[in-house]
1. Could you give the dipole magnitude of the protein assembly as shown about its Cα centre, charging the beta-carbon of Lys and Arg +1 and that of Asp and Glu -1, in debye to the nearest 20?
2. Taking every pair of alpha-carbon atoms in region A:9-70, what share in percent sits in each 5 Å bin, from 0 to the bin with the longest distance?
3. State, to one decimal in nm, how far the label point of A:GLU71 lies from the label point of A:ALA131, with both points 7 Å from Cα in the Cβ direction.
4. What value, in deg cm²/dmol to 500, does the helix sum -39500 (n - 2.57) over DSSP H runs of n ≥ 4 give at 222 nm once divided by the residues of chain B?
5. Show me A:265-276, A:175-186 ranked by packing, highest mean number of other Cβ atoms within 10 Å first.
6. How many partner chain Cβ atoms sit within 10 Å of a residue's Cβ in peptide A:300-313, on average, as a whole number?
7. Around B:VAL252, which amide H atoms from residues at least 5 apart in sequence, or from another chain, sit under 5 Å from its own amide H, with H modelled in the peptide plane?
8. Nearest-5 percent of antiparallel DSSP beta bridges in the protein assembly as shown?
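What follows draws every value from the coordinates through simple rules; no lab data is involved. Worth saying up front: this structure is predicted, and the values here are computed from it rather than measured. Every residue, glycine as well, gets a Cβ built from its backbone with ideal geometry; the counts of neighbours run over all protein chains shown.
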Protein chains: 2
Amino acid sequence: MPHAPAPSLEDIQAAQVRLRGHVHRTPVLTSSALNALTGAQLHFKCENLQRSGSFKARGAHNAVLALTDAEAARGVATHSSGNHGAALALAARTRGIPAHIVVPRNAPQAKLDNIRRYGGLLHLCEPTQQAREAAVAAVITANGARLVHPYDDPVVQAGQGTCALELLQDVEDLDLLLAPLGGGGLIGGSAVAAKSVRPGIRVVGVEPEGAADAVQSVAHGVITPVMKPASVADGLLATIKPSTFELIRTRVDAVVTVPDAAILRAQRLVWEILKLVIEPSSAVPLAALLEARVEARAAQVGIILTGGNVDFSACAARPKRSAPP
Amino acid sequence: MPHAPAPSLEDIQAAQVRLRGHVHRTPVLTSSALNALTGAQLHFKCENLQRSGSFKARGAHNAVLALTDAEAARGVATHSSGNHGAALALAARTRGIPAHIVVPRNAPQAKLDNIRRYGGLLHLCEPTQQAREAAVAAVITANGARLVHPYDDPVVQAGQGTCALELLQDVEDLDLLLAPLGGGGLIGGSAVAAKSVRPGIRVVGVEPEGAADAVQSVAHGVITPVMKPASVADGLLATIKPSTFELIRTRVDAVVTVPDAAILRAQRLVWEILKLVIEPSSAVPLAALLEARVEARAAQVGIILTGGNVDFSACAARPKRSAPP
C-alpha cells in the first residue's frame, strides 16, 4: 500500500501561518555551562513551554484546523501515550469539537490529567498496540470521528516541522539539528523544513537503546520493530511507519541511540542548569552529545526539547527546603 | 546617617544599555491554565532563565561593569545566601577580577556549586548576620576589594530595575506588577522603573509570613526586623535597609504576606504547568494571587519569577519513570 506523500516546505510554511495565534512561538535558550560541557554552541528550542506541554500541539492543531466544517463536526479521535492526546484535546476544544482519546490504562497520571484538563473524552484500554487500535476503530465507527494519527499523517508531520522552521528563523547558522525519534513525525517534519531552508545542515535523530526500531530499520532497509520497547523515555516507544521511515531514509543523516542512564543524566542537567522541566524523552539529544554519539565539536547545534509533562506525584520525597516541590 | 540616593529611571535605562550582551533578555511566558486559576492575565518574566539562575545577575553586572579599572583590579566582595554570590562571581569573571563570596556554612549545596562554577572565591562563615558582616569586613581589609551589597546599593537596585523595564517594554498594558520582597532591592528598582514608564501601575511586594519585616516596617513606620526569620523561601530572609525601606514606602503600593504552604503549592504549579524550575522564593507572588491576598481580577499582571537555583540532591527519591530526575 503506498503511503501518504511527504509534506513539502510549502506545507510546513502553510502550517506556520495556520498555527499563528493557536500555538506559542517558543523561546530558544542557550547556556554557556552546557556549551562548555559539550564543546558545541547549543540552541534549545523549548517545546516543553509549548501549549499542552509539548510540540504535539503543532501537529494536532494543524490537523484540526485543516478540517472542513463538516469533517470537524464529527470530532476527532486518536490513540496516544499522552502528549498527542492532550494536544489533540486542546486543538479540538479550540474548534469546539469533540476529541476521543484512547489511552492505555498504565499511562502516567499527569498525562491523563492533561487530557482531561483540555476537555478530551478519555477511552482507557489495555496497554497493547492491538487493544489501542481496536479501541480507536470502535470509537471511529461509533462517532464518525476523524482519526488524527500521532505521526503517520503528512498534515501532522507538517505541523511538527514548524518547530524546526521557527528555530532556523531564529538561529540561521545551525550546522546540526538534533531531535528525539519515536514514531518519526517530528524528525521527519523537522528534516524537511531544515534541509529545505538550509541544505547543508545535518539532521540527526536520537532514540533510546531500548526502543531502537529506527536504527534497526535503517540498518536492515526495512521497518524492523522492537518487540518489547522499554525506556525511561516513555514518549519514544512507538514504532515508525512507512511514511516516517521514508522521511528518515531520505532526509535524515543519521539515527543514533543512547542508554537510559545517559538520558536521566541529561534530563537532570537541563533541570539544574537550564531551569526547565523536561520529560525524559526530551533529554535524548543532549544525552547523545554528552555520550559523544554525535560529532558536534565547535558546531552550532539546534536541539528540540520536545515536552515537559512530568508526573510529580511519583516524587514521593517532600524535601525540607529549596528542592523540587 | 543618610542613605544613598534612590536610582532614577535614567539610572535604570543606563543599566539596561550597560548590561546588553552580559545578561539575557529573558522571555515572558503566559499560561491559559494559570490565568483560569487566578482570574487574571498573567505575564511571567522568567528570571529563573537568567544567567547564574536568577535576576541577581542584573544588579551584580551593573555594579561590576560600573567600576573604574583601578577599582575593579582589587576585586569585589559580598555576603550572600547564594544567588547574589553566584551572580557576582559570574560578573567578576566577565571582567577578569576576583570575587570574594562570604557564604553561611548551611547554604544549599546547589548555591555553593553555582558560586564555584563561576570561579568565585568562597569564604564560609557561621550562619549569623554578625559572622557574615565580620567575615566580609575581614576580606575587604585583606584584599582591598569593593563591597557589592546584595541590595543596599543604588547601582545594584538600578540593575534589578531593568527586569521590570524589560517586562513593560514587552507587555505595555500591565495593571499590576508583583515581585518577591527579601531585602527590597528588586521591588525597589522595579517600582522606580514601573511607576516611571507607566504611572498608573500598581506595584505590590510579597514576602513570606515567616519573614515579614517589610510589612511590619511599613505598619510601624520604622524598620522592624523579624528576629528569627524562617521560610521555605530561603532567598527572602534578609532584612530591608534604609535605602530599600524608603523605596518601599514611597514607590510600592502594598506589601502582602503568604504562608509557606501556599508558596510550595504555587511552586509546584509553576513546575507542573509552566514547566519552569523555580525556587520557592520565586513562587510567592503567584501564591499571593492564589490566596487572594492581592486584588487582581481581570487585570493584566506582571510577575517576576526571580530564580531557579534548586538543590536537586535534596530529592532523595529516584522515581521509576517520567518523574523529576
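1. 460
2. Result, from short to long distances: 4, 16, 19, 19, 14, 10, 9, 5, 2, 1, 1 percent.
3. Each label point lies 7 Å from its Cα, and together they span 3.1 nm.
4. Value at 222 nm, helices only: -12500 deg cm²/dmol.
5. My ranking of the peptides, most packed first, is A:175-186, A:265-276.
6. The per-residue average across the peptide is 3.
7. none
8. Percent antiparallel among DSSP bridges in the protein assembly as shown is about 10.
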